[in-house]
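S.K.: Just passing along the structure, written as structure tokens.
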Amino acid sequence: MPTLKIDGIEITVEPGTRIIEACDRLGIDIPRFCYHPGLSVAANCRMCLVESNRSPKPVPSCYEMAVDGLEIQTKTQKVIDARRAVLEYILLNHPIDCPICDKAGECDLQDLYFAHNYQPSRHAFAKFHKPKARQIGPQIMADSERCINCTRCIRVCDEIAKAPQLHQVNRGGRTYIDVFPGTEIDHPYSMCVSDVCPVGALTTKDFRFKCRVWFTNGTQSVCGECSRGCSIRIDTYRNEIQRIMPRENPTVNQFWACDAGRLAYHNYETDRLQSAKANGQPVASDAAITQLATALDSVASGARVLVVLSPSMTNEAAWAAIKVGQKLKGMVRYAIGGREAGFKDDILICADKAPNRAGLALVLKTLGVEAVPLSAALAGSPQAIYIFGDDHHLEDVLVKAMDGAQLSVVFSAKDGPLANAASFAFPTMSPYEIDGTWLNEFGILQRVRPALTPTWDARPIEKWLGALTTRLLDEQIADDPAELFVTAMSSVNALDGTPLAASGLDGIGPFGIALK
Amino acid sequence: MAKLVDRPKADLVIRSYIPEVLRGLRVTSRHFWVNFLTRKNVVTIEYPEEKYPYPPRFRGQHRLMKREDDSVRCVACFLCATACPADCITIKAGERSDKNEKYPVSFEIDYIRCIFCGMCEEACPCDAIRLDSGDHKLPGYTREEEVLQKEDLLAKGGLSIAKQGGILQ
């Protein structure tokens, strides 16, 4: 274990640790452009230069390994001068079009210029011009004049997406990043190149000119596009999603997220169910609940009842749904709907396109309830159908079964065939508006947080069920996610053996909790 | 130490107010007849037909400046909306095909909220928004009339002699 001294502070690190990592651990600020903890080391930006007792010249701290007896100085005049000079060179041909740059506000070059250079340009000649505002892929815009050639994007494509689609063309000051002739950057992780870009050279088509970053509010949540459940940050402004960014989570998605997950929020921007419906006609929420309570009484006690659960529901909503299901009249059977399995790869994307299938299975097991496949359940021509969620495959079969049923109730965020065919449809929250937990395929329980508030009377599933049970049953079922979490998770233990209920909903950290 | 003030008791002549009213009427009538007949030393003007010029630094209704080709100078950087303490500026940005890339598709100023502080003018890196139109926003009958659109703001705008920041000419 090498022991080294950084600014006079001794630190012992594992062999193979870079100096910049040791500095990060000590909380010593080292400016950097090309170093990224999730990528290989390129050491080409020279922004992280530090003084070493083993070298007459400053060394790049992202590349130098920590070895025994090394003494590093990060605050000497030599280092300060080196940083200032490096930034001056980087900014030599930079167009400084920050007012129209989507990165402005979260740009490393802006921040480091103010921290380490802060002088006017001494470059009196015409700047090099490079291609600007080019679309180099379905999601990516390139502005080569802003590029500082850190090659992070090239390394993301090569090492993370395993799709070497970017490269550098030309030499010296005229170098820029480009795709190969006749091709474009179209791999499923193409938007990651925009995340890692320390400047505004690569930006996304989706976020282009949409909102300035300093207006956005970040909500830490989970992506619902596949069963990996990548940690995401939902950036909102004025109750609208502006973009979705990956959030660091070493056990789930490291630093990355796929394009499909980031663009999925568009599905819930239109065609939303905006009021409760009875037989396809909008009715007031309270009236719908009263009418449903009456209709429930008319269901015969021997009727075949089917509850279709969605693997996109939170564990809390699923718990409440099954608890209500157990109190319904008739012979209740449960089926699991959800989207069909799809594209998968060895990087992040899982075949199962539902975020909480594992959690739903856990809730069913905890409550001792069996679920049958959806197609088998529908074959039994149920007389009453309850459908939770709006992303079921076999939608036409479901609609047909609902037509044949005496009573059909749908809890859906989307307006569509299901909501129109139902005897009663209730507007629920989209995956970006719900509160609760999802359990991913690998046993990590993560907190889903609401980033938006619908302007109409949409409620989470558990709130609708709570309102219904107060009308229907003597016993009221909890309708608060935090309360439901404690009830639902009281028998589930985390990896270290502590019951999850002890931590409470707010006790789930940013990286989630690994389950046994 | 408090000073004792002598307060003589008002007699009937003073309490009747008549001599004092007549004295006041004399002053008023003198001014009226002098102004009516000679129109000398009249300090009032006949607003709204006649207006006082505002001082050059008066901050009135905004105007959006134009480029040489008559297009809007604003690049929709949102710095005015960021600086605005009243949150009265709403911009929607769009893409233009020339080298300037970005422009405001819509630019609204809500004059019910605006406090004419001039922070937007101060923040603008392109000299695209100014409050020097010399007009104040006239009142309207509806809330919609109080929200001026890009076209209204451009109508008062002229060519700016300042060099556009950040854009290579």
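We did not get these values from a lab; they are worked out from the coordinates using the rules stated. All figures in this text were calculated on a predicted structure; none of them were measured in a lab. Neighbour counts run over all protein chains shown; Cβ positions are idealised from the backbone, glycine included.
S.K.: Hey, rough spin-label estimate for B:E49 and A:E88, points 7 angstrom out along Cα→Cβ, what's it come to in nanometres?
M.R.: Between B:E49 and A:E88, the simple spin-label model gives 6.9 nm.
S.K.: When chain B is modelled as a GNM with alpha-carbon springs shorter than 10 Å, which of B:I14, B:I109, B:I89 fluctuates the most?
M.R.: B:I14
S.K.: Scaled to the compact-protein estimate 2.2 N^0.38 Å, what is the alpha-carbon radius of gyration of the stretch A:19-60, rounded to two decimal places?
M.R.: Values: Rg = 10.5 Å, N = 42, 2.2 N^0.38 = 9.1 Å.
Dividing the Cα radius of gyration by 2.2 N^0.38 Å gives 1.15.
S.K.: Turning to a different aspect of this structure: Given springs between every Cα pair under 10 Å in a Gaussian network model of chain B, which of B:I45, B:I129, B:I91 has the largest fluctuation?
M.R.: B:I45
S.K.: With each label point set 7 Å from Cα along the Cα-Cβ vector, what nm distance links A:R25 and B:H136?
M.R.: The answer from the label model is 6.7 nm.
S.K.: Give the residue from B:A86, B:A2, B:L154 lying farthest towards the positive end of the charge dipole for chain B; charges sit on Cβ (+1 for Lys and Arg, -1 for Asp and Glu) and the dipole is referred to the Cα centre.
M.R.: Checked the options; the winner is B:A2.
S.K.: Run the dipole for the protein assembly as shown about the Cα centre, Lys and Arg Cβ at +1, Asp and Glu Cβ at -1, nothing else charged, and hand back the magnitude in debye, nearest 20. Show your work: numbers first, answer last.
M.R.: Numbers: 80 positive and 84 negative charges, 432 e Å.
For the protein assembly as shown, the charge dipole is close to 2080 debye.
S.K.: Between the stretch A:416-488 and the stretch A:291-364, how many Å separate their Cα centres?
M.R.: Between the Cα centres of the stretch A:416-488 and the stretch A:291-364 lies a distance of 12 Å.
S.K.: Under a 5 Å amide H to amide H cut-off, with H placed in plane at 1.01 Å, what residues pair with A:A494 once short-range neighbours are removed?
M.R.: HN-HN under 5 Å from A:A494: A:L500.
S.K.: Using 0.36 nm per residue, how much length does the chain from A:A482 to A:S298 gain when fully extended, once their Cα-Cα distance is taken away?
M.R.: Full extension from A:A482 to A:S298 adds 62.9 nm.
S.K.: Here's a follow-up. Can you tell which of B:H62, B:H136, B:H31 shows the greatest fluctuation in a Gaussian network model of chain B with Cα springs below 10 Å?
M.R.: Maximum among the listed residues: B:H31.
S.K.: Let me ask another. Only residues of the stretch B:102-136 count here: report those whose backbone N is under 18 Å from the spot 7 Å along Cα→Cβ of B:A155, or say none.
M.R.: Once the point is set 7 Å along Cα→Cβ of B:A155, B:106-112, B:130-136 turn out to lie under 18 Å by backbone N, inside the stretch B:102-136.
S.K.: FRET efficiency for A:V399 and A:Q135, Cβ-Cβ distance as r, R0 = 45 Å, nearest 0.05?
M.R.: For A:V399 and A:Q135, the calculated efficiency is 0.70.
S.K.: Then there is this: Kindly work out what percent of the DSSP beta bridges joining two residues of chain A are antiparallel, to the nearest 5.
M.R.: Taking every DSSP beta bridge with both residues in chain A, the antiparallel ones total about 65 percent.
S.K.: Would you please give the FRET efficiency between A:V169 and B:I112, computed as 1/(1 + (r/R0)^6) with r the Cβ-Cβ distance and R0 = 51 Å, to the nearest 0.05? Spell out each step's value before the answer.
M.R.: On the way: r = 53 Å, r/R0 = 1.04.
Efficiency computed from Cβ-Cβ geometry: 0.45.
S.K.: Rounded to the nearest Å, what's the spacing between the alpha carbon centres of the stretch A:210-235 and the stretch B:140-157? Just the number, please.
M.R.: If we compute the Cα centre of each part, the gap is 36 Å.
S.K.: Using a 7 Å offset from the Cα along the Cα-to-Cβ direction at both A:N267 and A:R238, what is the distance between the two label points in nm, to one decimal?
M.R.: Placing both labels 7 Å along Cα→Cβ, they lie 2.7 nm apart.
S.K.: Name the lysines eligible as straight-distance cross-link partners of B:K137: C-alpha to C-alpha under 17 Å, and not fewer than 8 places from it in the same chain.
M.R.: The reachable lysines, counting only those whose Cα sits under 17 Å from B:K137, are B:K51, B:K150, B:K156.
S.K.: With r defined as the distance between the Cβ atoms of A:I80 and A:K162 and R0 fixed at 45 Å, what FRET efficiency is calculated, to the nearest 0.05?
M.R.: Between A:I80 and A:K162 the formula returns 0.65.
S.K.: A follow-up question, please. For the stretch A:125-268, what ratio Rg/Rh do Cα atoms give with a Kirkwood hydrodynamic radius?
M.R.: In the stretch A:125-268, Rg relative to Rh is 0.98.
S.K.: Determine one quarter of the surface area of the Cα convex hull of chain A, which equals its mean projected area, and express it in nm² to one decimal.
M.R.: 27.3 nm²
S.K.: Right, something else. Among A:L394, A:V169, A:I100, whose Cα projects farthest towards the positive end of the dipole of the protein assembly as shown, with charges put on the beta-carbon of Lys, Arg (+1) and Asp, Glu (-1)?
M.R.: Going by the Cα projections, it comes out as A:I100.
S.K.: Say the cut-off is 20 Å between C-alpha atoms; which of A:K327/A:K463; A:K130/B:K102; A:K205/A:K344; A:K103/A:K344; A:K205/B:K102 go over it?
M.R.: From A:K327/A:K463; A:K130/B:K102; A:K205/A:K344; A:K103/A:K344; A:K205/B:K102, over 20 Å: A:K205/A:K344; A:K103/A:K344.
S.K.: Oh, and also: Can you find, among A:M489, A:N239, A:P454, the residue farthest towards the positive end of the dipole of the protein assembly as shown? Put +1 on the C-beta of Lys and Arg, -1 on that of Asp and Glu.
M.R.: Towards the positive end, the residue furthest out is A:N239.
S.K.: Now a separate question. Let me see the pair-distance distribution of the stretch A:277-512: every alpha carbon pair, 5 Å bin width, integer percents in order.
M.R.: Histogramming the stretch A:277-512 at 5 Å steps yields 1, 6, 14, 19, 20, 18, 12, 6, 3, 1, 0 percent.
S.K.: Binning at 5 angstrom from zero up to the longest distance, how are the C-alpha pair distances of the stretch A:52-108 distributed in percent?
M.R.: Result, from short to long distances: 4, 14, 19, 18, 14, 12, 10, 6, 3, 0 percent.
S.K.: Scan chain A and note any complete DSSP helix (H) whose C-alpha atoms cover at least 18 Å along its axis and whose Kyte-Doolittle average is -0.5 or more. Before the final figure, lay out the partial values.
M.R.: Working: long enough: A:77-90 (20 Å, 0.01); A:285-297 (19 Å, 0.51).
Correct list, ordered by number: A:77-90, A:285-297.
S.K.: With the cut-off at 1.5 for a/c, could you classify chain B from its C-alpha gyration tensor as rounded, prolate or oblate?
M.R.: prolate
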